[in-house]
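The values are calculated or read from the model by the stated rules, or taken from the named source; none is laboratory data. Because the structure is predicted, anything quoted here is derived from the model rather than measured. Because the Cβ atoms are built from the backbone with ideal geometry, glycine has one as well, and the counts that use them run over all protein chains shown. What goes into the accessible areas is simple: the full protein's heavy atoms, side chains included, and nothing from ligands, DNA or RNA. Shrake-Rupley method; radii C 1.70, N 1.55, O 1.52, S 1.80 Å.
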Number of protein chains: 2
Amino acid sequence: MNSMPHNVTIEDIAAEAGVSRQTVSRAMNGMPRISEKTRARVLEVSERLGYRPSRFASNLARVAKAKTVGLVVDSLRNPYYSELAAELLDAASLNGWQLTISSHENEPVLPMVARLAGEVDAVVGYFGEDNEEELLAAARGVPVVLLGRTATVPGLHSVDIDFDSGFVALIDELRRRGAARFGMLESHIHGTEYAPSSRRLAYERSTEHPSSSAVIVCEAEMQSVDAGEAGMHALLDRYPDTDTVIAFSDLMAMGALRAAHSRGIDIPSRLKVVGIDGLSLGAVTSPALTSLAIVGSPIIEQVAEVVRAALQPGAVGEQHRRAIPAPLWRESA
Amino acid sequence: MNSMPHNVTIEDIAAEAGVSRQTVSRAMNGMPRISEKTRARVLEVSERLGYRPSRFASNLARVAKAKTVGLVVDSLRNPYYSELAAELLDAASLNGWQLTISSHENEPVLPMVARLAGEVDAVVGYFGEDNEEELLAAARGVPVVLLGRTATVPGLHSVDIDFDSGFVALIDELRRRGAARFGMLESHIHGTEYAPSSRRLAYERSTEHPSSSAVIVCEAEMQSVDAGEAGMHALLDRYPDTDTVIAFSDLMAMGALRAAHSRGIDIPSRLKVVGIDGLSLGAVTSPALTSLAIVGSPIIEQVAEVVRAALQPGAVGEQHRRAIPAPLWRESA
DNA sequence: TGCGGTTGCGTGAGCGCTCACGCAATGCAT
DNA sequence: ATGCATTGCGTGAGCGCTCACGCAACCGCA
């Protein structure tokens, strides 16, 4: 009989069923100490009135509150992020967390982080070049874990990837297999200002050659396979004697493979192609893609550890920073 | 001075900073009507004491409560589900929802749905053969949307895919292009009891041929590319004059392509290969995969509509069931 | 007939926050 | 000096649930 259609609460059900709140609660949650008859009646009433228990109220009142962590990625359409999300999902279910995912494909990052922070207990994600101070402020007290970069302001955590040691091991191994003239397909998000990626820098340091030689910067969009293909053609045109190509990502490497195929170049005898990311997807190309693995490496374990630490009630103000020493060298079977 | 390290609340900060709750709230949420000096002091104190506002309390007290929908999939490692999740993520951000994802890769479904239901306002997902009554009970009043099947018990919503009309259009088009002898690669999750999929049934109805002919049942694992490859070889051995193959999924179709390549069979002149799912991934094969599109079809729009309807406060007890008439016939460019 | 144990249910008292106020102090015009 | 708006802050009163109790009514068993 209310004029305003106010939310139907546990009290309404109690009144309508002629019992107390507690009894309604017992009925809804399948608790003991209630007769089957009453339970059925309460359930009927609550269905009839369209009762929807407030998860906020119940979580507030309950002792053991559920934890949920938020993951921020560019886009789930990029298999790198979706495989990463899959791994974090495993870790989450192991720790009893829920995982809520946001992509900043459409939305601007800061408002999204702010919204997300109101709904989760920790935020982890790839925040490209976003300002750390602003992120910290947007998170409003919710711990934030930066992926793929190292936090510089206290209060932010991070799990970084140290490409240098990975690249050194990679280049060594490739040389052992006969590689001599390297090339790299670097990625550059179309329309943004170009700055060398940490992958390119690690590549240049480990191959010890001048930065300008044998690097093709590909203008990549989201699905970077095509960019890799185009880049590979460009590379083969400019540096025809290249015998080993390292691509910025597995997707680009897949494009490179396609380009090589179309030119009738045999992989890996005439040319070796190596990707970065370690996508399980890399197993479906022919031949299977060799890759510097991030997915499948201990990175997610580290993330889970950092999140676990940050979620500890006592541990505010501490900062956790890790750098995975080297992505595993993984050769997809 | 507390012996028990009880959760630090807004009240603690207020006391320590010598202000009221409300002032702390104003400081934390960047609201006006507070001097910069006080704000700074409150922020300092809250950081020092490690104050973490309770999202449950604030959401309970706030008027406009955030909505979040839960998505249940087999595994994000399967690109079909991750692309679907990406689409739902778009829809969610459009509607101002958060998206929390669970996979029942490891966990049993019912307890997971129960857990999820305590954290979200609606659950949508693929629940293979799970019992509808049990799902309904596990959801405890939270609306549930079944994907890829039609709800039979009232209280559950569903968005199904009508493969029949899609297949009729598909087969017509293929015949127009010269297809005459069809084959299908059917999928069967290894270790379970086999029952013909709705895709196989639609295939058989639309091609009007006895169920036993030209169907190879592949024992698929998660990454079904290999299964598709093996199945394709089997199919070509058994039915060598097949000129058109329809695979259960795009992944299997990719395997089929690989098998064809290895036999030197030209696609599409000698043999046409068609997948189902419409993965954007299908664009990276050579030639690009042709597919009955589910991803990219209006299915997600429909899901969003159903969720929106189910979230309406008034609309409990209503049931929403849709069947997308036909997946779009999509040819990946 | 008495007594301890179980079953079924109800009653405060919070959980930690925000909203709508209220009220003093200050500003800046007239 | 008087008026009125603005700024800065505090005070109840909830939001809708669950927990720890309490208290009858009932059971069986001696």
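Residue pairs whose Cβ atoms lie under 9 Å apart, sitting 6 or more positions apart in sequence or on different chains, and linking a residue in the range A:80-100 that is free of Cβ contacts under 8 Å to residues at least 12 places away in the same chain and at the interface with another protein chain (Cβ under 9 Å from one of its Cβ atoms) to a partner that is buried (at least 24 other Cβ atoms within 10 Å of the Cβ) and among the polar types (S, T, N, Q), are A:SER82/B:SER82; A:ALA86/B:SER82; A:ALA86/B:SER103; A:LEU89/B:SER102; A:LEU89/B:SER103; A:SER93/B:SER102; A:SER93/B:SER103. With respect to (1) more than 9 Å from chain A (Cβ to nearest Cβ); (2) open to solvent by 10 Å² or more (accessible area, probe 1.4 Å); (3) away from DNA strand D (no atom under 12 Å from the Cβ), the lone exception for B:GLU107 is condition (1). Tell me, please, whether a residue that is out of contact with any helix residue (DSSP H, G or I) (no Cβ under 9 Å at 6 or more places or on another chain) and closer than 23 Å to A:SER93 by Cα can be found in the range B:135-143. Within the range B:135-143 (the criterion being out of contact with any helix residue (DSSP H, G or I) (no Cβ under 9 Å at 6 or more places or on another chain) and closer than 23 Å to A:SER93 by Cα), the answer is yes, since at least one residue qualifies. When A:VAL145 is tested against the conditions (1) within 23 Å of B:TYR51 (Cβ to Cβ); (2) open to solvent by less than 40 Å² (accessible area, probe 1.4 Å); (3) part of a loop (DSSP other than H, G, I, E, B), the lone failure is (3). A:GLU119 meets the conditions (1) of a type in the set (Asp, Glu); (2) more than 7 Å from every other protein chain (Cβ to nearest Cβ); (3) not in a helix (DSSP H, G or I) in every case but one. The failed one is (2). For the range B:143-155, a residue qualifies if it is among the aliphatic types (A, V, I, L, M) and either in contact (Cβ under 8 Å) with a residue 40 or more places away in the chain or farther than 24 Å from A:VAL42 by Cα (or both), and the qualifying residues are B:VAL145, B:LEU146, B:LEU147, B:ALA151.
Checked across the range A:6-14, the condition of being polar (S, T, N, Q), out of contact with any Cys (no Cβ under 6 Å at 6 or more places or on another chain) and open to solvent by 60 Å² or more (accessible area, probe 1.4 Å) holds for at least one residue.
Scanning the range B:34-70 for residues that are buried (at least 20 other Cβ atoms within 10 Å of the Cβ) and more than 9 Å from chain A (Cβ to nearest Cβ) yields B:VAL42, B:VAL45, B:VAL69. Inclusion of B:ARG41 among residues that are more than 30 Å from the chain's Cα centre (by Cα), basic (Lys, Arg) and closer than 17 Å to B:ILE13 by Cβ is warranted. When B:GLU16 is tested against the conditions (1) more than 39 Å from the chain's Cα centre (by Cα); (2) on the phi > 0 side of the Ramachandran plot; (3) of a type outside the set (A, V, I, L, M), the lone failure is (2).
Of the candidates B:PHE167, B:PHE182, B:PHE127, the single residue that is away from chain A (no Cβ under 11 Å), touching a residue at least 40 places away in the same chain (Cβ under 8 Å) and open to solvent by 10 Å² or more (accessible area, probe 1.4 Å) is B:PHE182.
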